[in-house]
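Notes for the one structure printed next.
The values are calculated or read from the model by the stated rules, or taken from the named source; none is laboratory data. Bear in mind that the values here come from a model prediction, so they are computed numbers and not experimental data. Note that each Cβ is placed from the backbone with ideal geometry, even for glycine, and that neighbours are counted across all protein chains shown. Heads up: the accessible areas ignore ligands, DNA and RNA and are worked out on the full protein's heavy atoms, side chains in. Shrake-Rupley method; radii C 1.70, N 1.55, O 1.52, S 1.80 Å.
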Amino acid sequence: MTATANPTPTDANLLLTQKRDGVTTLTMNNPRRLNGWTLDMMNAITAAFKTAAEDDETRVLVLTGADPYFCAGVNLSGSFKLGHPRKMHAAIERNNVVLFDMFLDFPKPLLIAVNGPAIGASVTSATLCDGIIASEKATFSTPFAALGVTPEGCSSVHFARLMKQANADRMLGKEGWRPTAAEALEAGLIQWAVPHDQLAEETYRIAKEWIDSGHQRSFRGGSTRDELKAVNARESAELADAFLSAPFIKAQFKFLWSKKKWAPAITFLAMLVTRPLWARLL
C-alpha cells in the first residue's frame, strides 16, 4: 500500500504512522520478515493501538503492511520460552487472549487494508474489525490444521457467520483453502477487493465515509464484543493445549530444521524429547 503522506517512523521503523483528516494508518514495515508478528512488532502495534485509542484526532484506524506481504502471522518459534509446563501453558493462553482482545477492545472503527498475502492470526484478527479491503495481490491463509493446532481469533465461530460453514471448513480444515481477494470477496470474508495500485486511495475513501457518516465501532456477522471475547478465551485455552502437544512440537522442529534455523529447532527438539516427563506436570 502506498502512503499518501510522509509517514512518521516509530519503534525503529517497524511500524509507520500516518495521519490524514482523522484517518490514522499504521503500516507494518518489516518486509524482510514478511511483516511477521515478532515480539518487537507486536509491542509496536500494541503501543500504537493504545495511542490511537486515546488520540482525539484519530477517528478511524487503518492497519496495512509494506509490500509484498501484509503479514506472515505470529512468529511461533519466538513465542516459546522453556519453563515449567504450567507456566508455559498459562503464558501461551494469556498471550493469545491479549492479542485478539486488543482488536476486540479497540473503541474506534478499524479498517484492515490487506496489500498482499495474509497468514494465520493476521487473517483472524482482521475479521474482528469493522471492515477488510484487499488488493488483487492478497491471499488469505489459516493453516491451523496443517500446523496441528486449533482455530484462534474467534474463527471457530466467526468464520462461519461471515462466509457460511462450508467455506469456513475449507479454510480451517485440512483442505487449507487459501482464497484470493476475489474469492474472499465472493465468500464474504472481506467486503472490498480493488486493484493493487488503488488500495491506498480506496482505503482512505472508505475511512472518510465512515467518519462523515458517524460510523461507530461494530462487529460483523451479528457478533458482539462480549460473545467474541468469551470465544477468544475458550480458543486460547484450547490453543495452549495444542501448542504443547507432541504433533505440534514435532512439526515445528521439522519445519525449523528444514529452514536451517538451528537454535529455535533445537528448542523444539528439547521440548519433544523431554515431553514424556514434563507433560505430567500440566
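The range 112-155 and the range 256-282 have Cα centres separated by 27 Å.
As a length-normalised measure over Cα pairs under 8 Å and 6 or more apart, the relative contact order of the chain settles at 19 percent. For the range 145-261, the Cβ-based charge dipole about the Cα centre amounts to some 580 debye (Lys, Arg positive; Asp, Glu negative; other atoms uncharged).
Normalised by residue number, the volume inside the convex hull of the Cα atoms of the range 133-282 is 152 Å³ per residue. Among the listed pairs LYS174/LYS229; LYS19/LYS137; LYS137/LYS208; LYS137/LYS254; LYS137/LYS174, those with a Cα-Cα distance over 28 Å are LYS137/LYS254. Once C-alpha pairs closer than 8 Å and six or more residues apart are averaged by separation and normalised to the residue number of the range 154-282, the relative contact order reads 19 percent. Accessible surface calculations at 1.4 Å, restricted to protein heavy atoms, place the range 42-113 at 44 Å² per residue. The trypsin sites (Lys or Arg not before Pro) of the range 80-151 meeting both criteria, a DSSP state outside H, G, I, E and B (loop) and at most 15 other C-beta atoms within 10 angstrom of the site's C-beta, are LYS81. Given +1 at the Cβ of Lys and Arg, -1 at the Cβ of Asp and Glu and no other charges, the dipole of the range 200-249 around its Cα centre is 120 debye to the nearest 20.
Relative to the Cα centre, the charge distribution of the chain, modelled as +1 at Lys and Arg Cβ and -1 at Asp and Glu Cβ, gives a dipole magnitude of about 1320 debye.
What ranking do 61-68, 254-261 get when scored by the average of other Cβ atoms within 10 Å per residue, highest first?
Numbers: 61-68: 23.4, 254-261: 13.0.
Packing proxy ranking, top to bottom: 61-68, 254-261.
Plainly put, the range 100-173 has a radius of gyration that is 0.95 times its Kirkwood radius, both from alpha-carbon atoms, as the Rg/Rh ratio. Between ILE112, ASN13, ILE190, the Cα set farthest toward the positive side of the dipole of the chain (charges on each charged residue's Cβ, about the Cα centre) is that of ASN13.
What part of the accessible area of the range 175-224, given as a whole %, is carbon or sulfur when the probe is 1.4 angstrom?
Values: 1190 of 2590 Å².
The value for the range 175-224 is 46 percent carbon and sulfur by accessible area.
So what's the net charge close to ASN232: Lys and Arg +1, Asp and Glu -1, counting the other residues with Cβ under 9 Å from its Cβ? Value of the local net charge: -1. Counting Cα-Cα pairs of the chain in 5 Å increments starting at 0 gives whole-percent bin shares of 1, 6, 12, 17, 19, 17, 13, 8, 5, 2, 1, 0. Per residue, the accessible area of the range 142-282 comes to 52 Å² when a 1.4 Å probe rolls over the protein heavy atoms.
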